[in-house]
Amino acid sequence: PKTQERSASGDLTINKIVKDRISDPDAIKSIIEYYRKKALPDSKKAKIKMEIYSLESNILLSSELSSTVFDKGSKHHQPIEFCHVFPLRGCALGGRKVIMVAENPIPKDVVPKFFMYDYEGK
């Protein structure tokens, strides 16, 4: 759903969804504020819950929750893609500066780790 500011008159918005499900005006206000500021990165993630019921008895037969599904169009959940890496080889003695240039902004909580392997992959 879109925010109120980005929507056209007939679009489904966060405000419409919240107002449809909650009657307390104070709760509506705090939930809408949460989705506008704090939860912006989280609003681009979802989990899908599947429940299977018996047609005869209406008893729950199975319930599963998917892993998190990300909106790759969001700047917070884009895969990290590097456009330049230099040098492509190194040695155990070190002494070379490694430069990696990313296509998109890298989140602040991402820390690169470099590993050394020999020809056998050890």
In what order, largest first, do PHE70, PHE115 sit by accessible area if the probe radius is 1.4 Å? PHE115, PHE70
With LYS29 itself left out, Lys, Arg at +1 and Asp, Glu at -1 over residues whose Cβ is under 11 Å from its Cβ give -1
Phi to ³J(HN,Hα) by Karplus 6.51 cos²θ - 1.76 cosθ + 1.60 over region 95-103, Hz, x for Gly, Pro: x, 10, 7, 9, 10, 10, 10, 9, 5
Just order 52-64, 8-20 by mean Cβ neighbour count inside 10 Å, highest at the front, would you? 8-20, 52-64
Charge tally for neighbours of ARG89 with beta carbon under 13 Å away, counting Lys, Arg as +1 and Asp, Glu as -1, is 0
For ALA102, which sequence-distant residues (separation of 5 or more, or a different chain) have an amide H within less than 5 Å of its own amide H, given hydrogens modelled in the peptide plane? CYS83
Give the distance, in whole Å, between the Cα centre of region 106-122 and the Cα centre of region 57-71. 35 Å
Provide the per-residue ³J(HN,Hα) series for region 17-33, in order, calculated from phi with Karplus coefficients 6.51, -1.76, 1.60 and θ = phi - 60°, each as a whole number of Hz, with x at glycine and proline positions. 5, 5, 5, 6, 9, 10, 9, 6, x, 5, 5, 4, 4, 5, 5, 5, 4
For region 64-71, just list the computed ³J(HN,Hα) in residue order, Karplus coefficients 6.51, -1.76 and 1.60, θ = phi - 60°, integers in Hz, with x standing in for Gly and Pro. 9, 10, 6, 6, 5, 9, 10, 7
Charge tally in the Cβ shell below 12 Å around SER66, where Lys, Arg are +1 and Asp, Glu are -1, SER66 excluded: +2
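The values are calculated or read from the model by the stated rules, or taken from the named source; none is laboratory data. Quantities reported herein were computed from a predicted structural model and do not represent experimental measurements. Positions of Cβ are generated from backbone atoms using ideal geometry, with glycine treated the same way; all protein chains shown enter the neighbour counts. With ligands, DNA and RNA removed, areas are computed over all heavy atoms of the protein, side chains included. Shrake-Rupley method; radii C 1.70, N 1.55, O 1.52, S 1.80 Å.
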